[in-house]
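The values are calculated or read from the model by the stated rules, or taken from the named source; none is laboratory data. In this text, all values refer to a predicted model and were calculated from it rather than measured experimentally. When we count neighbours, we look across all protein chains shown, and the Cβ atoms used for this are built from the backbone with ideal geometry, even at glycine.
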């Protein structure tokens with residue numbers, strides 16, 4: 001079969017695939033994992049991918065997503081179950097409510113997530129924060145979205161706009177921007193964007209979808225208060241381990257890029273290994289097993305059973321997230337993203353508008369924000385490098401590309417399924433809440449980047 005190459009045909013295939021997927025899941029109530037696999041296979045065939053390559057493309061998209069998600073979600077769910085079981089989540093929730101008050105608890109959770117989001121990706125950070133989010137929601141008997149969306153939005157803005165995350169780092173290099181300016185401006189941009197698209201939007205979303213915490217990944221089904229819960233500092237210390245280790249790794253990356261140390265130095269490589277997200281979560285889990293379990297007198301067999309009980313709840317999350325990555329991988333392999341971005345780059349728009357729209361099209365086409373940002377930056381770098389722009393204008397261009405890369409997370413984005421399923425939302429609710437949040441984040445950030453571009 002000859003691969004489809006025309007932009008209109010590829011666009012029609014992408015739109016049709018998304019429409020069929022939504023129809024299968026929402027109207028026919030087909031399980032998302034089955035629907036995503038079926039539509040991915042059909043899209044690959046209709047787009048003209050050679051039959052002998054289709055399965056490999058499916059495997060690659062599914063496997064690469066699972067490689068990034070499965071270990072994080074698995075270790076994170078076990079860690080969360082231990083923290084919940086020993087009463088640690090309740091301790092953190094009570095302290096947070098006591099310090100910040102009930103009304104400011106959502107913003108406090110978001111601020112904590114902003115700090116954690118500097119070194120941690122959305123998926124790992126959200127897994128670590130969810131036990132606390134759910135505990136606060138149960139403690140105050142409030143809607144999940146009021147507490148979960150500000151935290152998820154915080155991780156998202158940090159991941160998209162702030163180095164050392166891979167997307168903004170790569171875009172900074174490709175556009176020849178000043179890394180320090182991107183870091184400072186990205187942080188200054190992330191805060192108001194998070195406040196509007198995370199905190200303020202969460203209040204509206206929670207009123208429209210006021211569902212409470214049901215049986216979640218971490219609760220063991222018994223709300224009886226623990227007689228001897230661990231101290232606040234102990235629980236916080238356990239949860240801070242991955243933050244410290246991953247932050248150390250990020251700092252080493254900056255040192256390596258500055259040429260102060262060699263990347264192949266044995267000590268540096270060993271420290272970076274400890275700061276790799278799965279390894280950092282594993283270390284935190286092992287510390288939690290001892291500090292929150294064995295040291296408090298919990299038998300090893302009970303701990304093993306407790307950790308095992310955390311895994312069935314996340315199986316569906318992991319499989320659906322992997323299938324979402326598979327669908328995005330198929331759309332990328334068909335050339336849909338490249339065709340759309342090429343068409344957008346020829347529209348003759350101002351450069352800051354062009355980089356934004358190219359990133360938006362790539363995001364809509366293949367799902368991944370990081371891939372959209374990196375690809376858009378690669379495509380638009382020659383145009384930007386050829387222009388006469390100030391250092392702040394180039395910084396604004398980097399952040400405009402980042403803003404476009406996060407627009408309208410939907411069914412081809414593995415993060416869509418991760419956030420939705422972890423918070424107990426169906427597809428329709430996720431579209432009405434998380435997709436809207438991501439769109440607001442994108443549009444608001446782009447408006448601010450245009451302002452920066454015009455002022456400097």
Considering only segment 298-326, how many residues are under 29 Å from residue 413 (Cα atoms) and free of Cβ contacts under 8 Å to residues at least 60 places away in the same chain? 3
Could you check residue 91 against (1) farther than 27 Å from residue 283 by Cβ; (2) surrounded by 21 or more Cβ atoms within 10 Å (Cβ to Cβ); (3) more than 23 Å from the chain's Cα centre (by Cα) and say which number it fails? (1)
Looking only at residues in segment 264-273 that are loosely packed, with under 15 Cβ neighbours inside 10 Å and farther than 27 Å from residue 70 by Cβ, which one is modelled with the lowest pLDDT? 264
Could you list, in sequence order, all residues of segment 381-433 that are in a helix (DSSP H, G or I) and free of Cβ contacts under 8 Å to residues at least 40 places away in the same chain? 382, 383, 386, 420, 430, 431
Looking at (1) within 16 Å of the chain's Cα centre (by Cα); (2) not in a helix (DSSP H, G or I), which is the one condition that is false for residue 371? (2)
Considering only segment 333-340, I want to know if a residue exists there that is outside any helix (DSSP H, G or I), buried (at least 24 other Cβ atoms within 10 Å of the Cβ), in contact with a helix residue (DSSP H, G or I) (Cβ under 7 Å, 6 or more places away or on another chain) and modelled with pLDDT under 85. yes
Among residues of segment 203-224 being modelled with pLDDT under 85 and touching a helix residue (DSSP H, G or I) at 6+ places or on another chain (Cβ under 7 Å), the residue nearest to residue 142 (Cα to Cα) is 213
Per the filter on segment 274-288, residues surrounded by fewer than 21 Cβ atoms within 10 Å (Cβ to Cβ) and more than 24 Å from the chain's Cα centre (by Cα) are 286, 287
Kindly indicate which of 418, 431, 440 is surrounded by 24 or more Cβ atoms within 10 Å (Cβ to Cβ) and within 18 Å of the chain's Cα centre (by Cα). 418
Do we find a residue being touching a residue at least 24 places away in the same chain (Cβ under 8 Å) and not in a helix (DSSP H, G or I) anywhere in segment 8-26? no
Selection over segment 127-172 where residues are part of a helix (DSSP H, G or I) and farther than 28 Å from residue 212 by Cα yields a count of 9
